[in-house]
1. Just need the Rg to Rh number for the stretch 362-644, please, alpha carbons only, Kirkwood Rh.
2. Figure the gain on full extension for ARG329 and SER38 (residue separation times 0.36 nm, minus the Cα-Cα span) and round it to one decimal in nm.
3. Loop-only trypsin sites (Lys or Arg not before Pro) in the stretch 59-101, please: DSSP not H, G, I, E or B, and at most 16 other Cβ atoms within 10 Å.
4. Hey, can you grab everything whose amide H is under 5 Å from the amide H of ILE777? Only 5+ residues off in sequence or another chain; H modelled, so Pro and N-termini drop out.
5. Hey, rough spin-label estimate for LYS718 and LYS405, points 7 angstrom out along Cα→Cβ, what's it come to in nanometres?
6. Quick one: if you take sqrt(5λ) for each eigenvalue of the C-alpha gyration tensor of the stretch 188-298, what semi-axes come out, biggest first, whole angstrom?
7. For an R0 of 56 angstrom, estimate the FRET efficiency from the Cβ-Cβ distance between ASP226 and ASP57 and round to the nearest 0.05.
8. Extension gain ASN442-SER792, at 0.36 nm per residue separation less the Cα-Cα distance, in nm?
Amino acid sequence: MLKYHLKLIEDIKAEERSLSSLSKTEFKGVYEASLASSDFTVLRIVTNHNTGIYDYDDRLPSWLDSEFEAPIWKLTLLDTPKFIRWNTVILDDGEKLTAPKHSKLLNAFKYWITATANPLENSGKVDLASKTILTKVYYVIRLINAILLHAKELQLAKYQLLFVDTNFWLTIFTQMATYGATEGVYRFEDRIKKLVDNGSKTISDEECEKFVAQYPYLTSTLASEDIYINPNNRQKASAWLFKQGYYRTYQNMPKYNGNGAVLGSLVLGEKCLSDDIRISNFVEFHLKPQCITTEYKTIDNKDNNHGINISGLRHYISVLKLIHTNLDRQDACTPNVIPDTLTVETINDIKGVRLKKTKRTRTLSPSFVFNLIDCCYTFTKENQDELLVQCLIALQEGKTKSAYKNSNKHKPHNGNRLFDEAIHGEMSGTERGHWFNTEAINCVSSEWLKKGIKQVNAFEINTPNRHQRIRDNESLFDLFDVLQGSIQFLVGAIMARRQDELIALKPYGNLVPNKNPFTSGENECLFEKGEDGLIAPKYSLQFKLKKSGNKGKNKTITRPIPLSIAKFIWRLEEFNRQAENAGLNKGKLSLFNYLQSKSCTLTKVTSQSFDGHYNALCDYLETDLVLMDNGKYRRNYIRQHQLRRFFALVFFWSKKKESLDALRWMLGHTDMEHLYHYISESETGAVLNGAKASVLASSVIDKTANELDTEQLRTLRKLLATRLTGNENAEVMINSLSNTADDFYEDDYETVPHISQIEKQQVIENEILQLLDDETISLEPEFFSVTNSEGSTKKTFNLVLTFNEKN
């Protein structure tokens with residue numbers, strides 16, 4: 001039999017037999033014959049077939065559009081190529097990284113880059129998406145830069161990677177854990193402060209005075225939220241930066257908020273691979289106020305706690321170990337072996353290090369969200385049908401008018417004897433522009449004229465009192481943006497999906513079942529019992545689940561949606577279909593679309609226009625203002641990522657605010673136990689804990705809270721006081737917030753919260769989240785049935801807070 005199987009091996013090598021044609025017995029015989037003859041060719045073929053490790057060329061992967069030895073690499077992973085300019089880096093000996101004497105160090109870095117897609121380094125033949133590979137490349141570049149920026153201390157030119165050991169990486173990862181991934185490596189804030197403080201010394205008082213006279217905005221008081229660098233002298237620092245070309249574009253045009261690329265070059269110089277490093281345009285160095293399209297500046301909706309979460313750090317450690325690709329290479333310097341003991345847990349155990357559990361955004365007050373739901377629901381129900389009809393009529397008529405220059409026959413050319421500056425000076429030169437200014441209002445129904453419409457097209461950004469005029473319903477197309485924002489919010493809050501999932505919704509065909517919900521009765525509920533006796537969603541929204549599937553092909557899933565929201569979506573889909581039939585679309589549409597007023601077209605929404613609709617909604621409804629510490633106000637402009645925990649929050653908040661109309665409408669006759677099981681099965685633990693943390697933080701601060709046992713709340717307050725101050729009796733922060741909450745919840749008292757109150761509340765919520773994630777505490781519902789005076793039974797629940805015994 002050995003002879004037969006040796007013949008089989010030769011046949012496979014000659015491609016006269018394929019692996020798939022072998023029987024199980026033959027395959028086993030080939031395996032044993034290969035071992036006996038020490039001819040591993042077939043085993044190599046089998047291994048390559050399943051892993052691809054022998055096909056991968058680590059000196060020329062398919063996405064490297066350059067020679068391996070090239071001083072500049074071009075990576076074609078996405079539509080826009082990425083360049084790595086190895087020849088721009090100067091090492092601690094004054095020589096370029098690309099100098100022949102440093103070839104082994106350079107090759108080690110290059111092999112580290114190509115290892116990001118090498119099957120041998122990635123657990124076999126994994127069909128990695130280009131975007132995934134590029135992300136890993138950026139991670140590797142950041143770690144390479146961590147080495148390059150410490151070239152002097154590491155004596156990199158002389159000893160190469162000899163001193164890049166475990167202690168070095170522990171230091172880097174500790175800094176990442178403390179300051180975040182980017183700041184942990186580059187320490188921009190420290191470097192920039194040192195740079196501008198030294199530069200300021202070269203600016204005289206007289207020179208600074210003249211500069212400030214030219215740019216008086218430099219004397220304004222900034223909110224603490226805008227202060228990162230905190231230079232010794234803001235005015236002199238800006239004057240020095242002006243001399244360095246910081247306030248010019250590469251085309252030498254003025255850029256009053258600064259050029260991050262120029263600042264990056266000043267800070268990093270030729271010390272590292274700095275092509276894709278973009279430094280923020282710090283408000284501290286702005287020469288003029290920021291131009292904004294909203295009524296107020298937005299309050300930062302991100303949790304500004306520094307650091308990196310567990311998942312992020314784990315990715316960096318994984319990418320670091322790709323450096324092992326250089327072990328035993330003859331043309332690259334040998335790195336130190338990264339031990340298995342270098343783990344997230346090891347770093348988290350270092351004194352003073354506390355990894356973030358997750359990247360969180362500031363939680364919107366549930367009352368804020370519920371009140372906004374009420375307003376959006378009312379606005380949409382009262383206005384959607386007719387507003388969409390009015391916009392469609394105006395768009396169709398406006399589209400028939402020419403937008404070409406000088407197409408307005410009512411305006412003589414400048415210089416023509418009929419031209420009268422008083423009459424024609426401000427007149428639009430296009431037929432469409434003139435129509436908007438004169439005749440378009442005739443398209444609007446008398447009912448909507450009574451509501452306040454004075455023009456069809458959107459107001460120009462610099463229109464005086466623009467936001468109040470929109471609130472007075474003076475612009476039809478501006479109200480379209482408000483309507484889009486309103487429906488976006490209703491869908492976004494209830495579905496709690498990612499923004500890109502909502503952006504990707506189709507112009508129509510999003511509902512399951514795909515039938516007119518206006519024919520489905522008026523029973524408002526999320527779930528109902530079907531003919532088969534099984535409970536199922538009455539209507540669902542289907543969408544592409546982001547971060548699922550492979551290479552951008554996302555899995556399609558469905559989630560229940562209330563009937564009322566299904567009706568709003570159906571009406572919007574009908575509008576989109578009519579707009580397409582009328583040729584008003586520019587390219588493919590989405591469910592939510594951006595109305596381009598001047599061109600009378602609709603385009604699919606982008607992340608920017610999606611946020612723009614939210615901005616329009618918040619300014620129209622005048623959402624909460626926040627008082628900053630510089631005495632100025634900012635508005636709470638919602639963002640979709642703040643709503644990701646909201647659907648889970650609905651359940652817990654339903655116990656806290658049982659009388660809230662928005663909740664009754666949203667949940668309808670839904671069985672609460674069934675709803676909780678659905679939420680706990682469909683949402684991640686992080687989402688559930690985030691919702692629980694929000695409710696617990698509110699209960700801790702609100703002295704009137706009665707959804708939790710008083711003794712449980714007292715114990716939680718003491719635990720928080722201990723963790724935040726080291727003293728269980730020092731409840732100063734909590735008590736001060738509670739007093740503020742007492743004022744806020746008084747019916748006859750209106751107040752604008754100070755930014756410091758919001759920040760402190762976020763600290764408490766983050767601390768509670770830590771307790772939940774660590775399982776120090778748990779919050780779970782306890783269901784029971786109650787019978788009312790009429791004899792009907794319904795299921796309700798209590799929230800039970802428990803404390804882990806080991807704590």
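Nothing in this text is a laboratory measurement; each read-out follows from the coordinates by a stated rule. Values in this document were obtained by computation on a predicted structure and should not be read as measured data. Cβ placement follows ideal geometry from the backbone for every residue including glycine, while neighbour counts extend to all protein chains displayed.
1. Ratio of gyration radius to Kirkwood radius: 1.03.
2. Working it through step by step, the gained length comes to 102.2 nm.
3. Of the trypsin sites (Lys or Arg not before Pro), the ones in loops of the stretch 59-101 whose Cβ has at most 16 other Cβ atoms within 10 Å are ARG59.
4. When sequence neighbours closer than 5 places are left aside, the close amide H contacts are LEU772, ASN804.
5. Distance between the two pseudo-spin positions: 7.8 nm.
6. Numbers: eigenvalues 85, 67, 41 Å².
Ellipsoid semi-axes (Å, largest first): 21, 18, 14.
7. E(calc), rounded to 0.05, equals 0.70.
8. So the extension gain works out to 120.4 nm.
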